[in-house]
Amino acid sequence: MDWIVTEVDGKVASIATDYRHLPHIAGEIAKLPAEETFSLGTRKISTGELLEYAEYLTWEDLRLFGTPFQLKVWEALFRLPRRLYSYTELAQLVGVPQGVRPVAHVVAINPVAYVIPCHLIVPKESLDKVQEIRTRAEGTLFKGKDLYLLDTLDVGAYAYGTEIKRAFIKTQLSE
């Protein structure tokens, strides 16, 4: 699978399988003062290159266009330790415990696939199920390790499909 990296002034503005974010980026660029110059470019990378890319990108390497709330949620996601979180947990972590739906919406429109790991946000019921499975597994040979990879768990929706979300979760959490 190919991923399209869109960069503004050498900073990553989006990573997606298509140009879905480009109209928004162009609209934001159009708001800049006419005398301000910028460079805009796109290039394709493979999934393997995306995974490598994500290893060294910093928050400062990103040029995201969003509201202060969106940027707050995306930055929190970017900086969180790599594990599964529920939307409820993320809302609490960004300081809006009553704002689960707005936080979920911001997660859904994440412009930088994998690098900002929105794939690690799953329904609370799924996290509860993982904990139940791990508790039961404590008395077995597996001791609850890697059971979050079970394909029967609902990992929630993902812009690029559930199978890619599962693959990203497996890749990121097995590192």
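I'd like the orientation of helix 47-56 relative to the chain: the angle between its Cα long axis and the longest Cα principal axis, in ° from 0 to 90, rounded to 10.
Computed tilt is about 80 degrees.
Using only helices, what value at 222 nm comes out for the chain when you add -39,500 (n - 2.57) per DSSP H run of length 4 or more and divide by the total residues, to the nearest 500 deg cm²/dmol? Mind dumping the intermediate values first?
On the way: 7 runs with 73 residues, N = 175.
Rounded to the nearest 500, the figure is -12500 deg cm²/dmol.
For SER86, which sequence-distant residues (separation of 5 or more, or a different chain) have an amide H within less than 5 Å of its own amide H, given hydrogens modelled in the peptide plane?
Distant-sequence amide H within range of SER86: VAL122.
Enumerate lysine pairs in the chain that are 8 or more residues apart or on different chains, then count those whose Cα atoms are under 23 Å apart.
The result is 18.
Label LEU71 and TYR19 with points 7 Å out from Cα along Cα→Cβ: what is the distance between them in nm?
So the label points at LEU71 and TYR19 sit 2.7 nm apart.
Bear in mind that the values in this text are calculations on the coordinates, not laboratory data. Quantities reported herein were computed from a predicted structural model and do not represent experimental measurements. With ideal geometry, Cβ positions are generated from the backbone for all residues, glycine too; neighbour counts draw on all protein chains shown.
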